[in-house]
Amino acid sequence: MSRLEAKQAFIGYGDQPIVRGVNVSVPDGKITAIVGPNGCGKSTLLRALVRLLPPTSGSVILDGVNIHTVGTREVARRIGLLPQAPNAPAGITVKELVARGRTPHQKVLRPWSSTDETAVLSALHSTNLTSIQDSVVDELSGGQRQRAWIAMSLAQDTPLMLLDEPTTYLDISHQYEVLDLLHRLNQRQARTIVMVVHDLHQAARYAHHVIAMSDGEVAAAGDPTEVFTEDLIRDVFHLDARVLPDPVTGTPIVVPAHGPGGTK
């Protein structure tokens, strides 16, 4: 079952498409990871799925209709987006940032309501930010800042959350802190999550569904154990590797088949 899908979509920023004729279906209630080498079209596809970039041909379907026939505010009530390296206004507090997620739900004659306040407080609680809600965002650690942005998406109260490289620029402990948070949101709140990630081990460990892209096309899609094969790693990433089971989760780990200096 999918609420969001792309059908024969060609997507780009000019006459030359970056993503070519992709068919993508996002499983509802699951975590989907989009992986692939730099420049393969991962972020371009994500932008199209959230209606920031219209396909030059083909379509993106949201709840059975072309997403470009749905109003901007209505799309924002159904899909939340966390872009790469978002910037918060200077001096804004955590709670003020999270409250901005309620913008799609605001009405002209009723700018704020108890429902809005409850959504913000719930988002702060879910991301363990209640105790620092009055702190200035610029003064937080990288992991705390990323959780604040995720809390803003939560306050938006959308069934679909799309994140473009949510662990970029974070150290390894904060990377897993953010990924654990997304996993909890999926498990406890049935949020459908789509994220662009570079780390194949993290994609395999946290995602139920993986879309592997290469040169603007979908090279494979499915369960991580089906997608992450030695042949696919060689074809898509041009890396000779071994795919082994994670000793903790049993999910795939990609291990290069040579040591430092290229010696096998």
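Could you pull out every one of the strands (runs of 3 or more DSSP E) wholly within the stretch 162-240 that has 1 or more residues that are within 13 Å of the chain's Cα centre (by Cα) and buried (at least 20 other Cβ atoms within 10 Å of the Cβ)?
Once the strands (runs of 3 or more DSSP E) in the stretch 162-240 are filtered for at least 1 residues that are within 13 Å of the chain's Cα centre (by Cα) and buried (at least 20 other Cβ atoms within 10 Å of the Cβ), what remains is 192-196, 209-214.
Across the stretch 241-264, what is the total count of residues that are assigned to a loop (DSSP other than H, G, I, E, B) and under 21 Å from ALA219 (Cβ atoms)?
Qualifying residue count, the stretch 241-264: 2.
A quick yes/no check of all residues on (1) outside any loop (DSSP other than H, G, I, E, B); (2) buried (at least 22 other Cβ atoms within 10 Å of the Cβ); (3) touching a Phe, Trp or Tyr at 6+ places or on another chain (Cβ under 7 Å):
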residue: ALA9; (1), (2), (3): yes, yes, no
residue: ILE18; (1), (2), (3): yes, no, no
residue: CYS40; (1), (2), (3): no, yes, no
residue: ALA48; (1), (2), (3): yes, yes, no
residue: ARG51; (1), (2), (3): no, no, no
residue: GLY58; (1), (2), (3): yes, no, yes
residue: ALA88; (1), (2), (3): no, no, no
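Within the stretch 122-140, which residues are buried (at least 16 other Cβ atoms within 10 Å of the Cβ) and part of a loop (DSSP other than H, G, I, E, B)?
THR127, LEU129, GLN133, LEU140
State the number of residues belonging to the stretch 94-135 that are within 23 Å of the chain's Cα centre (by Cα) and of a type in the set (Gly, Ala, Ser).
Qualifying residue count for the region: 6.
Quick one: is LEU81 crowded, with 18+ Cβ neighbours inside 10 Å, at pLDDT below 95, in a strand (DSSP E or B) and aliphatic (A, V, I, L, M)?
yes
Restricting to the stretch 69-116, give me the number of residues that are of a type in the set (Ser, Thr, Tyr) and within 11 Å of GLN156 (Cα to Cα).
Residues that pass the stated criteria total 1.
Take the conditions closer than 26 Å to GLY29 by Cα and modelled with pLDDT of 95 or more and apply them to VAL194. Does it pass?
yes
Does at least one position in the stretch 114-121 carry a residue that is among the charged types (D, E, K, R) and part of a helix (DSSP H, G or I)?
Yes, that holds for at least one residue.
Just give me the residues in the stretch 141-153 being aliphatic (A, V, I, L, M) and either surrounded by fewer than 23 Cβ atoms within 10 Å (Cβ to Cβ) or closer than 15 Å to LEU179 by Cα (or both), in sequence order.
ALA148, ILE150, ALA151
The values are calculated or read from the model by the stated rules, or taken from the named source; none is laboratory data. Keep in mind that what you see is a predicted model, and the values were worked out from it rather than measured. Here Cβ is always computed from backbone atoms with ideal geometry, including for glycine, and neighbour counts include all displayed protein chains.
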